[in-house]
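The structure under discussion appears below in the form of structure tokens.
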Amino acid sequence: MAAYPITPVRTVRVEIAGIPRTITLKLEGHSPWRSIKGRTALSLIQSVAGELTVPGATVVESTSGNLGLALSAICRDLGLRFIAVVDHRQSPVIQQAIEANGGELDWVRTPDDATTHLQDRLARVRELVRDLPYAVWPNQYENDANWHIHETWTAPEFDAQATDGAQALFAGVSTGGTLAGLSRHFRRTRPGLLIVAVDVKGSTVFGGVPRPRILTGIGASRRSAFLTATSTDDVLLVDERQAVACCHTLRADTGIAVGGSSGAVLAGCLEYLYRHPEVQHALCLCPDLSDHYGPTLYHPAWLDRMGLPAEAYRLRHRMGAACSGFEPVDDITPIPSAPSEEDASR
């Protein structure tokens with residue numbers, strides 16, 4: 001693992017309910033795979049390596065975006081065929097990147113207002129594994145390699161970067177592997193650290209009634225196979241509009257541009273800090289940056305469909321009146337702005 005660069009942390013301050021708070025963001029978008037899913041993908045491929053030695057072996061996986069992109073890059077480097085089973089919610093930028101890596105897209109045509117995107121993708125994966133010779137499914141949803149890499153690599157790295165004063169850790173959930181791995185490590189090394197899971201409304205990772213969701217990379221229409229009752233101290237469900245508002249406001253205030261799942265984690269963190277004035281220093285695991293979301297999260301037409309204005313200052317109220325905005329603390333390298341409307345439409 002030492003061959004890969006450590007992803008950076010950036011610290012911001014925000015005043016919530018009149019109390020200054022400190023939030024440390026771990027920016028996984030700076031990894032070689034441009035998201036935290038690269039770590040997961042590497043671990044998954046290593047776990048099925050013995051099945052991939054047969055000539056003509058094909059890796060098949062269901063993905064909503066970043067995991068498929070990381071798998072396509074790893075399979076390209078290993079000379080393996082890769083098929084990503086996707087639905088229409090996937091970012092077109094990620095679609096193009098997967099194909100540029102030599103990956104193939106297998107589309108599941110689930111209606112826009114359906115809540116069965118994941119189940120339909122999984123059904124298609126099973127069909128492909130049944131029908132294709134030498135097809136291998138790493139199965140990010142049930143393979144323990146998913147959480148193990150985050151217990152042994154991601155979490156120790158973040159632990160070494162965080163200060164002793166951190167009181168709570170916030171991470172998003174989809175399969176739950178990242179949070180499960182983080183929790184296993186931090187329960188041992190920082191037993192007093194609160195572990196808070198962040199999900200979006202409409203997801204059923206922790207139960208509840210499913211409903212259509214827009215953001216990718218966070219949430220799922222099934223329970224996690226990796227999380228237990230001791231994995232978390234609290235669970236927060238955030239509105240997707242709040243997540244988008246956090247993305248835009250963070251970029252406007254600090255130059256840090258993150259993806260939608262990162263915005264959701266930050267929105268959950270702000271909500272928790274509002275409810276808990278005693279928590280003054282939080283850690284947030286941000287899965288990716290804005291690179292792949294120019295045509296969606298950062299595009300005026302997409303924002304219109306979401307019922308949101310493009311201007312960050314008008315989005316700020318979605319974050320809650322008690323939040324004053326973000327102030328950078330350390331040296332932040334600005335991320336390039338999202339593509340213009342003309343660029344994104346090409």
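The values are calculated or read from the model by the stated rules, or taken from the named source; none is laboratory data. Treat the numbers as computed from the prediction; the structure is a model and nothing was measured. Backbone-built Cβ (ideal geometry, glycine too); neighbour counts: all protein chains shown. Ligands, DNA and RNA are stripped out before the accessible areas are found, and what is left, the full protein with its side chains, is counted by its heavy atoms. Shrake-Rupley method; radii C 1.70, N 1.55, O 1.52, S 1.80 Å.
Rounded if a/c is under 1.5, else prolate if a/b beats b/c, else oblate: with a ≥ b ≥ c from the C-alpha gyration tensor eigenvalues square-rooted, which is the chain? Write out the running numbers ahead of the final one.
Values: a/c = 1.66, a/b = 1.35, b/c = 1.23.
Prolate.
So what is the relative contact order for the chain, in percent, with contacts set as C-alpha pairs under 8 Å and at least six apart?
On the way: 731 pairs, mean separation 72.8, N = 346.
Here the relative contact order equals 21 percent.
Mind jotting down the three principal axis lengths of segment 81-186 based on Cα atoms? Whole angstrom, largest first.
That gives 50, 34, 27 Å along the principal axes, largest extent first.
Can you compute 3J(HN,Hα) from phi for each residue in segment 221-227, using the Karplus curve 6.51 cos²θ - 1.76 cosθ + 1.60 with θ = phi - 60°, rounded to whole Hz and x for Gly and Pro?
9, 8, 6, 6, 7, 9, 8
Just to be sure I understand: with springs between alpha-carbon atoms less than 10 Å apart, which residue in Thr110, Thr24, Thr296 has the highest mean-square fluctuation in the Gaussian network model of the chain?
In this elastic network of the chain, the residue with the biggest mean-square fluctuation among Thr110, Thr24, Thr296 is Thr110.
If amide H atoms are built 1.01 Å from N in the plane of the peptide, which residues on other chains or at least 5 residues away come under 5 Å of the amide H of Thr175?
none
Can you tell me the relative contact order of segment 1-97? Whole percent, Cα pairs under 8 Å, sequence separation 6 or more.
Working: 112 pairs, mean separation 19.8, N = 97.
Result for segment 1-97 is 20 percent.
Taking the Cα centre of segment 35-117 as origin, sum charge times position over the Cβ atoms of Lys and Arg (+1) and Asp and Glu (-1), and report the length of that vector in debye to the nearest 20. Write down the numbers at each step before the final one.
Numbers: 6 positive and 9 negative charges, 47 e Å.
The calculated dipole for segment 35-117 is roughly 220 debye.
Amide H neighbours of Arg81 under 5 Å, at least 5 residues apart or on other chains, H built in the peptide plane: list them.
Long-range HN contacts for Arg81: Val59.
Please find, in a Gaussian network model of the chain (springs between Cα atoms separated by less than 10 Å), the residue of Val329, Val173, Val60 whose mean-square fluctuation is greatest.
Val329
I need the trypsin sites (Lys or Arg not before Pro) found in segment 120-176, filtered to DSSP loop residues with at most 13 other beta carbons within 10 Å of theirs. All intermediate terms of the calculation are to be shown ahead of the outcome.
On the way: sites: Arg121, Arg124, Arg126, Arg130; in loops: none.
When the trypsin sites (Lys or Arg not before Pro) of segment 120-176 are filtered for loop state and at most 13 Cβ neighbours within 10 Å, nothing remains.
What's the carbon and sulfur percent of segment 167-322's accessible surface, probe 1.4 angstrom, rounded to a whole number? Don't jump to the answer; show the numbers that get you there.
Details: 2700 of 5440 Å².
Ligands and nucleic acids excluded, carbon and sulfur give 50 percent.
Looking at the chain as a GNM with Cα springs under 10 Å, which of Tyr293, Tyr134, Tyr272 has the largest mean-square fluctuation?
Tyr134
By DSSP, what percent of the beta bridges with both residues in segment 1-141 are antiparallel, rounded to the nearest 5?
Details: 8 of 19 bridges.
Counting only bridges with both partners in segment 1-141, antiparallel ones make up about 40 percent.
Keeping every protein chain present and rolling a 1.4 Å probe, give me the accessible area per residue for segment 70-203 in Å². Spell out each step's value before the answer.
Numbers: 5360 Å² over 134 residues.
So segment 70-203 comes to 40 Å² accessible per residue, rounded to a whole number.
Can you tally the net charge around Thr249? Count Lys and Arg as +1, Asp and Glu as -1, for every other residue whose Cβ sits under 9 Å from the Cβ of Thr249.
Working: positive: Arg251, Arg316, Arg318; negative: Asp253.
Computed value for this residue: +2.
Please list 3J(HN,Hα) in residue order for segment 100-107, calculated via the Karplus relation 6.51 cos²θ - 1.76 cosθ + 1.60 where θ = phi - 60°; whole Hz, with x for glycine and proline.
Calculated HN-Hα couplings, in order: 5, 7, x, x, 10, 9, 10, 8 Hz.
Summing +1 for each Lys or Arg and -1 for each Asp or Glu, what net charge is found among the other residues whose Cβ lies under 15 Å from the Cβ of Gln46? List each step's numbers first, then the result.
Values: positive: Lys37, Arg39; negative: Glu51, Glu61, Asp77, Asp144, Glu151.
Cβ neighbours under 15 Å give a net charge of -3.
According to the square roots a ≥ b ≥ c of the eigenvalues of the Cα gyration tensor, what is the shape class of segment 159-268, taking rounded for a/c under 1.5, prolate for a/b larger than b/c otherwise, and oblate for the remainder?
Numbers: a/c = 2.28, a/b = 1.10, b/c = 2.07.
Oblate shape, in that a/c is at least 1.5 and b/c is the bigger or equal ratio.
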